[in-house]
Amino acid sequence: MQKSFQRKIQELQKKQHAVILAHNYQNPEIQDIADFIGDSLDLSLKAIKTDANVIIFCGVDFMAESAKILNPEKTVILPDKTANCPMAGMVDAESLGWLKKEHPDAEVVAYINTTADVKALADICCTSANGVKIVKSRTAKKIIFVPDRNLGLYIQKQVPEKEMILWPGVCRTHHDIQKEDLLALQKEHPSAEILVHPECQPEIIDLADFVFSTNGMVTHAKESSKKEFIIGTEKGLCYRLEKEIPEKKFYPIPSAVCPNMKKTTLEKVLKSLETLEPKIHLSEEIMQKAHLPLQRMMET
C-alpha cells in the first residue's frame, strides 16, 4: 500500500510540477518521498531555488506561511490544514502591538516559529541557529523576543549586554524533556555526546555537550569523531540522522514527539497533489510586511 501511494505521488508530482519539502520532524515515510529535508527556513530557501510551480510543505502552518512569503508567485500547500504550531499560536499580533507601545525603544526579534501577522510586526526574524547572531546585530539595547522563552533565555545568556523582554511561550515538545530523561540515557550510553535544541529548558541545556538547531545537529554528527549521540529534540530527527549517517548511533528522547508534525500522511500528500488544496492564503499587505524581517535576517 505504501509503495502504491509513493508511486502515485511521484506521478502527480511530475504532472503538477511540484516540489515536496519535509521538515526534520516528519514521519519516516514522508521524509522518504521528499525532495528536500531540513528545518523550516532551509526548506523555504531551497524552494526559492527550484523552478517548481507548487510547493507541498510537509510541516506545520508557520512554515508553509514562510514559504509563501518567500515564494509569493508559487502555490504553497499544507497537506493537513490542522497541522499548526501551538507555540506560534501563543503570541498574537494584537498583544504584541500593545507590548511594542509599552516599549517604544525596543526592537522586536521574532523567532521564525511565528505566524505571518506576528512577523509583520517584527523588526527582524531569527532561527534557533542564528538567534544569538541576530540579537547581537541589533543596535537597540532592549529586545522584545517572541514567542519562545527558553530560546530567549539561551540567547540572553550569550548576549548579556541586551535587555531581553521575553514572551512567555514554549514548545511543549522541547519544554517537556526532563532532566531525568537525559540522565537515564546518559547512564545507559555513557560514551554518547549529548546534543540538545535551544528550545529546551535551561537545566537541559546545562547538561548538554552542545546546543544546536536541528540542521546543526545533522552537520555536527557528520563531522564529529564521536560514534554515539543522545538527541535532545523531536525524535523524528533521528530517522534522518540514521539514514544519512548509518555508521553512527543515535538515541532519541522517547517522549519527545510533536503530534502536529505527525499529522501529515502519504494519503494527505497524495490528496493535496490531486486537488492543490489546502492552499496557503495571505494578504498582499501581510506578505509584504512579513517579508521585510525575513529579508533582514537573511542579509545579516
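Using a 1.4 Å probe on the protein chains only, how many percent of the accessible area of the chain belongs to carbon and sulfur?
51
What stretch of the chain, leaving out the sites themselves, is the longest with no trypsin sites (Lys or Arg not before Pro) in a DSSP loop having at most 16 other Cβ atoms within 10 Å?
It works out to 142-225.
Just for the chain, what percent of DSSP beta bridges are antiparallel, to the closest 5?
Among the beta bridges of the chain, antiparallel pairing accounts for roughly 5 percent.
In Å², what does the accessible area per residue of the range 1-117 work out to with a 1.4 Å probe?
Counting only protein heavy atoms, the per-residue value for the range 1-117 is 42 Å².
Find how much the distance from ARG296 to LYS279 grows on full extension, using 0.36 nm per residue of separation minus their present alpha carbon separation; answer in nm with one decimal.
Between ARG296 and LYS279, full extension yields an extra 3.5 nm.
For the charge dipole of the chain, defined by +1 on Lys and Arg C-beta atoms and -1 on Asp and Glu C-beta atoms about the Cα centroid, which residue among LEU121, LEU294, THR50 has the Cα displaced farthest towards the positive pole?
THR50
Can you tell me the FRET efficiency between LEU183 and LYS227 if r is taken as the Cβ-Cβ distance and R0 is 22 Å, rounded to the nearest 0.05?
0.60
Taking 0.36 nm per intervening residue step and subtracting the Cα-Cα distance, what contour gain separates SER4 from ASP209 on full extension?
Stretched out fully, the SER4 to ASP209 stretch lengthens by 69.5 nm.
What would the Debye equation give as log₁₀ I(q)/I(0) for the chain at q = 0.07, 0.11, 0.12 Å⁻¹, counting only Cα atoms as equal point scatterers?
Taking Cα atoms of the chain as identical point scatterers yields -0.26, -0.66, -0.78.
Relative contact order for the chain: what percent, with Cα pairs under 8 Å and sequence separation of 6 or more?
Here the relative contact order equals 22 percent.
For TRP98 and GLN158, FRET efficiency with R0 = 35 Å and r from the beta-carbon atoms, rounded to 0.05?
Efficiency, from the Cβ-Cβ distance: 0.80.
Amide H to amide H under 5 Å from VAL108: which residues, 5+ apart in sequence or cross-chain, H placed 1.01 Å off N in plane?
Result for VAL108 returns ASP123, ILE124, ILE144.
Rounded to the nearest whole Å², what accessible area per residue is found for the range 229-272 with the 1.4 Å probe?
40
Run through the range 147-220 and list the GluC sites (Glu not before Pro) located in a DSSP loop whose Cβ has at most 10 other Cβ atoms within 10 Å.
Passing sites in the range 147-220 are GLU161.
Any chance you could list the semi-axes, whole Å, largest first, of the equivalent ellipsoid that the Cα gyration tensor gives for the range 1-132, using √(5λ)?
32, 14, 12
In deg cm²/dmol and to the nearest 500, what is the mean residue ellipticity at 222 nm of the chain if only DSSP H runs of at least 4 residues count, each as -39500 (n - 2.57), divided by the residue total?
Rounded to the nearest 500, it is -13000 deg cm²/dmol.
Taking the Cβ-Cβ separation of ASN84 and THR50 as r and a Förster radius of 30 Å, what is the calculated FRET efficiency to the nearest 0.05?
Between ASN84 and THR50 the formula returns 0.75.
The values are calculated or read from the model by the stated rules, or taken from the named source; none is laboratory data. These numbers come from a predicted model, not from an experiment. Cβ atoms come from the backbone with ideal geometry, glycine included; neighbour counts cover every protein chain shown. Accessible surface areas use protein heavy atoms only, side chains included; no ligands, DNA or RNA. Shrake-Rupley method; radii C 1.70, N 1.55, O 1.52, S 1.80 Å.
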